[in-house]
Amino acid sequence: MATKDNEAPWYAEFPEPASRPDSIEASEVLKLLEQQSNSPGKPRDFLLVDVRRTDWQGGTVESSINLPAHSFYPTRRIVYELCKQAGIKRVIFYCGSSNGRGPRCAAWMQDFINDAGDTSMHSLVLTGGIRGWIKAYEGRAMDGYDAKAWESS
């Protein structure tokens, strides 16, 4: 698949993922965030990863880290190691709509988890991505929410 300039897509230099990670609904993620805020000091067992790059505006789901999709594949080992050391059980990926970058990065992460023989950690995709979150919750449980950025979405 080529881009409009007949260049290879950003992910072409990396292997095609073998895994098909499960999805997680925004309502379940909101519940995780609420449980975390109601239990300060309790170790977190999930990580939210926003893989948007140039479209990373208007806010992000609360406590997410931004690891742009184009740079994720080479860093997945360290992400795994850090998650393992922190006791993370679920790594939840999303992008704009969770139809491209989010699922691809989640699959690469799940491939790495599988190759490590780890059955205690799982990679998931946030259904609907950040646009689905905005549609369901507007700025609720978001960091840096900017309503104006979402007006044209």
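Tabulated values for the structure
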{"read-out": "The range 63-117, relative contact order [Cα under 8 Å, separation at least 6], %", "value": "40"}
{"read-out": "Order by protection proxy (mean Cβ within 10 Å, highest first), peptides 33-40, 21-28", "value": "21-28, 33-40"}
{"read-out": "Amide H contacts under 5 Å for I92, placed H, 5+ residues apart", "value": "L47, L48, V49, L124"}
{"read-out": "Packing-based ranking, highest mean first, of 7-19, 52-64 given that Cβ atoms within 10 Å are counted", "value": "52-64, 7-19"}
{"read-out": "Fraction of the pair-distance distribution of the range 1-63 above 16 Å, Cα-Cα pairs, percent", "value": "67"}
{"read-out": "Order of exposure, largest accessible area first, which applies to M109, M142 with probe 1.4 Å", "value": "M142, M109"}
{"read-out": "J(HN,Hα) series, the range 54-61, from Karplus relation 6.51 cos²θ - 1.76 cosθ + 1.60, nearest Hz, glycine and proline x", "value": "6, 9, 7, 8, x, x, 9, 4"}
{"read-out": "G59 long-range amide H proximity, modeled H, under 5 Å", "value": "D146"}
{"read-out": "Residues K31 and A149, FRET efficiency given R0 of 30 Å [Cβ-Cβ distance, rounded to 0.05]", "value": "0.70"}
{"read-out": "Total lysine pairs whose alpha carbons fall under 23 Å of each other in the chain (8 or more apart, or interchain)", "value": "7"}
{"read-out": "Ellipticity estimate at 222 nm from DSSP helix runs (n ≥ 4, -39,500 (n - 2.57)) divided over the chain, nearest 500", "value": "-12000 deg cm²/dmol"}
{"read-out": "Whole-number percent relative contact order across the range 1-144, with pairs defined as alpha carbons under 8 Å at least 6 apart", "value": "32"}
{"read-out": "Estimated FRET transfer efficiency when R0 is 22 angstrom, pair S23-I65 (beta carbons, to 0.05)", "value": "0.65"}
{"read-out": "Translational diffusion coefficient (Stokes-Einstein; Kirkwood radius from C-alpha pairs) of the range 65-136 at 37 °C, 0.692 mPa s, in µm²/s", "value": "265"}
{"read-out": "Solvent exposure of the chain as accessible area per residue, Å², 1.4 Å probe", "value": "56"}
{"read-out": "The range 16-25 - phi-based ³J(HN,Hα) in whole Hz, Karplus 6.51/-1.76/1.60, Gly and Pro as x", "value": "5, x, 9, 7, 10, x, 6, 9, 9, 6"}
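The values are calculated or read from the model by the stated rules, or taken from the named source; none is laboratory data. Bear in mind the structure is a predicted one, so any value in this text is a computation, not a measurement. Glycine also receives a Cβ, built like all others from the backbone with ideal geometry; neighbour counts cover every protein chain displayed. To get the accessible areas, we keep the full protein, side chains included, count just its heavy atoms, and leave off ligands, DNA and RNA. Shrake-Rupley method; radii C 1.70, N 1.55, O 1.52, S 1.80 Å.
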